[in-house]
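Taken together, the values in this text are just the output of simple stated rules run on the coordinates, not laboratory data. If you're wondering where the values come from, they're calculated on a predicted model, not measured in any experiment. All Cβ positions, glycine included, derive from the backbone under ideal geometry; neighbour counts span all protein chains shown.
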Amino acid sequence: MSAAEIVPRHCRSRRVHLSVSGIAVLALAALCCVRRVGADSAVRTITIHAVRYEFDPAEITLRKGQPVQLIFTADDVGHGISIPGLGVEADLPKHKSESLMIKPAAAGDFEGECSRYCGTRHSDMTFLVHVKP
């Protein structure tokens with residue numbers, strides 16, 4: 001005796017209907033999960049402006065192991081950025097932007113500074129990166 005002979009005819013179409021519905025629900029759930037993961041994994045972008053004699057913002061907070069794109073823009077004269085603890089070193093030509101991708105490997109506070117002389121208060125031009133675990 002085959003399975004078709006055991007299951008009454010009126011029940012066979014319901015099983016197919018339930019199976020198709022079940023597959024559709026699973027597929028929809030899978031698509032929602034894929035979108036959510038994709039949205040959560042987008043790279044964060046932070047724009048920092050360099051202008052005599054400060055960075056704006058002067059402090060940022062990042063997460064250990066999460067990549068971030070830093071966009072530095074020199075708004076007035078040429079500047080530079082140096083954050084030795086994170087391996088960041090870049091020249092910032094005036095009125096231009098420089099994009100840097102970093103992925104902090106350790107938690108802590110990392111001090112940075114303008115690395116290109118920009119005037120009498122150049123030494124006041126500091127930057128701080130907090131990296132949380």
Amide H neighbours of G80 under 5 Å, counting only residues 5+ apart in sequence or on other chains, H built in-plane at 1.01 Å? L92, S115, R116
Kirkwood hydrodynamic radius over Cα pairs of the stretch 44-132, then Stokes diffusion coefficient at 4 °C and 1.567 mPa s, in µm²/s: 101
Collect residues whose amide H, placed 1.01 Å from N in the peptide plane, falls under 5 Å from the amide H of M125; neighbours closer than 5 in sequence don't count. C114
In Å and whole numbers, how far do the C-alpha atoms of the stretch 64-106 stretch along each principal axis, longest first? 33, 17, 9
What's the FRET efficiency of H49 with D109 using the Cβ-Cβ distance as r and R₀ = 25 Å, to the nearest 0.05? 0.75
At a Cα cut-off below 14 Å, give the aspartates and glutamates reachable from K132, other chains included and same-chain residues fewer than 8 away excluded. E59, D109
Once you list every other residue whose beta carbon is under 13 Å from the beta carbon of Q69, what net charge do they have if Lys and Arg are +1 and Asp and Glu are -1? +1
